[in-house]
Each structure stands twice: as C-alpha cells, then as structure tokens.
Amino acid sequence: MIPLEDILQKAAADAHALSLEELERILSADEKDAERIFAAAYSLKVRCCGRKVAFRGLIEAGNVCVKDCLYCGIRRSNGKVARYRMDVEEIVRTAEVAHRLGYGSIVIQSGEIESAANSDFIEEVLLALRPLDLGITLSLGEQTEDVFRRWKDAGASRYLLRIETSSPRLYSALHPADHSWRRRVECLHALRRCGYQVGTGVMCALPGQTMADLARDVAFYAEVDADMIGMGPYIPHPDTPLGKDIVLDAADKARRLFLALKLIAATRLYLHDVNIAASTALQALAEDGRERGILAGANVIMPNVTDTCHRAEYALYAGKPGFDETAAAPRLAESLRAIGEEMEEGRGDSRHWANNVQNVESQGRR
Ligand code: 5AD
C-alpha cells in the first residue's frame, strides 16, 4: 500500500491528483492518520487562501418549502413548524446587520418555492439590497434557468445548491419519488451558464452511505467544476421520517464530526482553490466545530444573522444553534485569532472562479 505521506504529497502538488481509492483512504483514516491529513489540508488552505476566513452573514429568509426531503426539519409534511417568510424590509434590515459586522457577503437561504410571485419577490429583494454593495449568494433551491438568470441580472453573484449526495441511488432513498437528482444536476449546469459562482455539497453520515459514495461526492464536485462547497454531517431531526426515534449520543456526535472534518480535508486536497464552508452543522456537534473545520481545510464561515425570533422555525436538524451570533461575533473573531486566522476583507470571491475567469479572458486575448 502507498504510504499516506506519498498520497498527501501528491495531493498537495496537483489538484484532482487522487484516485477514488485514495480519497476513500483519506475518508476512512483513523485518528492518528487524520491528524496528518488535517495538517496537509490546512497547509494547502493557507497556500490557496492565506490565513484568512471569509464571512457570509446567513439570512434564513423563510421556511416555507415545497420539498419533502425525508431528513429535513422544514419538509413540507412537517406540520409542527410554524411557517414564516420575511418581507423585503426585514431581509434588508437583516442584511444591514451583516454589513455592520463587516461581512462583505450575505447568503439568502429559504425553503424552496417555485412561483412567478416568488421570483418577482426575490428580484425585488435583490434590487433593494443594491445600495449595501454586498456579495450576494442565493440558496433558494431548484428553479428554471430563466429565473436563475433574472436573479443574476438583479444582483446575485453566487448560488448554493447542494446535490446532497452524488449517488442517484442514495438520493432516491432519501427523497420522495417526485424529487429528481437529475434535475438538480441540470440546475447546477444552468447556474454555470448564467455566470454564477456555483456552490454545491453533500451531507455525510447519511444512513446507507458508504465511504465509496463520499469519495465519489468529492469527484463529483470536480466534474461539475464547483467554485464553492458546503458540506455537513447529517443530524437526525425528530419530526422527520428519517430521524424519528434517533437521538445521538456523545460518541455518535464525535463520529459524525470526525467524518465531516475528513470530508472537508479530502475536498481541499482534491480541489485546492475552491471556497469551502465550515458549516453550522459542525457547530451543532461541537462548540468549536467550525474552528476545527477551518483547521481541516475550510475557509468560509457563515454566521447566522437571522433574528433569533425565527430560529426555532428554521430547525433543519435537532440541536441547530439558535443563539445570537451577532452578539457573539467578537467571540468568534477572537477564537479565530487564537488559531492564527483573521476575517478576510471584501466579498471573498471563490479563487477557483476568479482563476477560471482569468483563463477565459486570456484565451480570448490570444
Ligand atoms: N441534518 C443536516 N443537514 C441537513 N440539511 C437538511 N436537513 C438536514 C439534517 N437533518 C441540509 C441540507 C440542505 C441544507 C440547507 O441543510 O444539506 O441542503
């Protein structure tokens, strides 16, 4: 068997250098090997992104959702959640909070709604946000290419649409029959055609998921040429078909966090210059989960700027942090300084995307 050190060296030298078997080996590593893997991924993160973390203020703009994903707390069939939707003013007010905190970008996320009225509404929101001059990421589910294009024209520059799993088989086990893995992939291609920085990602520790599935997830990111990756551990929600009767004990939580960190490291080692988020779900499993995500190769944190009055209603999973991150912002900055990192100024565009744009331009000049 090739020594781990050789695999890590090969990965650091070139993007896309590892085979599926080598990715699997990274994902299956024990604690001792994982320390070396995290160190290699972190030094690559520092090489690609510096000792900087890009912040995006996360706005959970509404929990009305047409989807019925078997794992998600805001699925359509969960009658226990009170549904809400922010209006334009509330979204702008929340974006101003992010702006005041010095975050160069925001993410507007909500359950999926596909309607002409909602498309108009989001367009109105984007136009109202223009004076703040923030980088805007949308995370609003599957839409038609026309709608993606309108929102891009109105001022959005990035779009997050997790594929959830790159395995069509596993996807169909986790979703009702009318949810289409193929359409999601097509949406990712449509987003690219519209000129967005494209973000995708998966959950790990899903029931029925293998290490080979996760290795293929990482390869999938390269296949769709993703600019940004957001991943996190699956955390059961009691009011969902997949999560009912499941309560995680401390050992389960630690295992999920460990796997999620290895997945971040494998993704950095395979893709190099993309933006990778240390997701909120990491923080749900351990107080310092996001900092550990950075040390495993992530370079983006998305502090939740949503007013705490909506938090209980945006519980995608059990134990989702509901505290006031705006008040805690100085503490987060402090804990990043403690690991030698600081907040990146500006919008924190994906370097992968910027490098691609430069290549296309220089080819055009030739
Ligand atoms: N555990 C972890 N992540 C979840 N998501 C939805 N439900 C859960 C859960 N139970 C994630 C999905 C989705 C993102 C917004 O939240 O990956 O894309």
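Throughout, read-outs are computed from the coordinates displayed, never taken from laboratory work. None of these values were measured; they are calculated from a predicted model. Positions of Cβ are generated from backbone atoms using ideal geometry, with glycine treated the same way; all protein chains shown enter the neighbour counts.
Details
- Each principal axis of the Cα cloud of the chain was taken in turn, and the coordinate range along them, longest first, works out to 59, 57, 42 Å.
- Treating each Cα of the stretch 285-345 as an identical point scatterer and summing with the Debye formula, the log10 of I(q)/I(0) at q = 0.23, 0.25, 0.29 Å⁻¹ comes to -1.07, -1.19, -1.35.
- Gyration tensor verdict on the stretch 1-105 (Cα atoms; rounded if a/c is under 1.5, prolate if a/b is larger than b/c, oblate otherwise): oblate
- Cα gyration tensor shape for the stretch 80-210, rounded if a/c is under 1.5, else prolate or oblate: prolate
- For the stretch 16-53, the residues whose backbone nitrogen is under 20 Å from a point 7 Å from the Cα of residue 351, taken along Cα to Cβ, are 16-18, 37-53.
- Within a Gaussian network of the chain (alpha carbon springs, distance under 10 Å), most fluctuating of 155, 141, 208: 208
- Dimensionless Rg over Rh [the stretch 62-101; C-alpha; Kirkwood]: 1.15
- Rg to Rh quotient for the stretch 252-316, alpha carbon positions, Kirkwood Rh: 1.02
- Counting beta carbons within 10 Å around each of 179, 272 and listing the fewest first gives the order 179, 272.
- Alpha-carbon Rg/Rh ratio, for the stretch 91-141, with Rh computed the Kirkwood way: 0.98
- Hydrophobic, long helices, defined as DSSP H runs whose alpha-carbon span along the helix axis is 27 Å or greater and whose mean Kyte-Doolittle value is at least 0.5, occur in the chain at 250-271.
- Based on every Cα atom in the stretch 223-273, Rg and the maximum pairwise Cα distance Dmax equal 14.3, 40 Å.
- Listed by chain and number, the lysines whose alpha-carbon sits under 18 Å from that of residue 45, ignoring those within fewer than 8 places in the same chain, are 10, 262.
- Shape of the stretch 311-363, Cα gyration tensor, a/c cut at 1.5: oblate
- Packing-based exposure ordering (other Cβ within 10 Å, fewest first) of 4, 132, 336, 269: 132, 4, 336, 269
- Using a Gaussian network model of the chain in which every pair of alpha carbons under 10 angstrom is joined by a spring, one finds that among 267, 308, 240 the greatest mean-square fluctuation is at 308.
- Solution diffusion estimate, µm²/s, Stokes-Einstein, the stretch 191-322, Kirkwood Rh from C-alpha pairs, 37 °C, viscosity 0.692 mPa s: 212
- Inter-part distance where the stretch 285-309 and the stretch 238-270 are each reduced to a Cα centre, Å: 15
- Using a Förster distance of 41 Å, the FRET efficiency for residue 177-residue 30 (Cβ separation, nearest 0.05): 0.55
- Mean residue ellipticity (222 nm) of the chain, computed from DSSP H runs ≥ 4 via -39,500 (n - 2.57), nearest 500: -14500 deg cm²/dmol
- Bridges between two residues of the chain, per DSSP, are antiparallel at a rate of about 5%.
- In plain terms, the residue of 194, 309, 204 with the fewest other Cβ atoms within 10 Å comes first and the most crowded comes last, giving 309, 194, 204.
- Straight-distance crosslink candidates among aspartates and glutamates, where the alpha carbon sits under 18 Å from residue 52 and sequence neighbours closer than 8 are dropped: 227, 273, 288, 291, 334, 341, 342, 344, 345, 349
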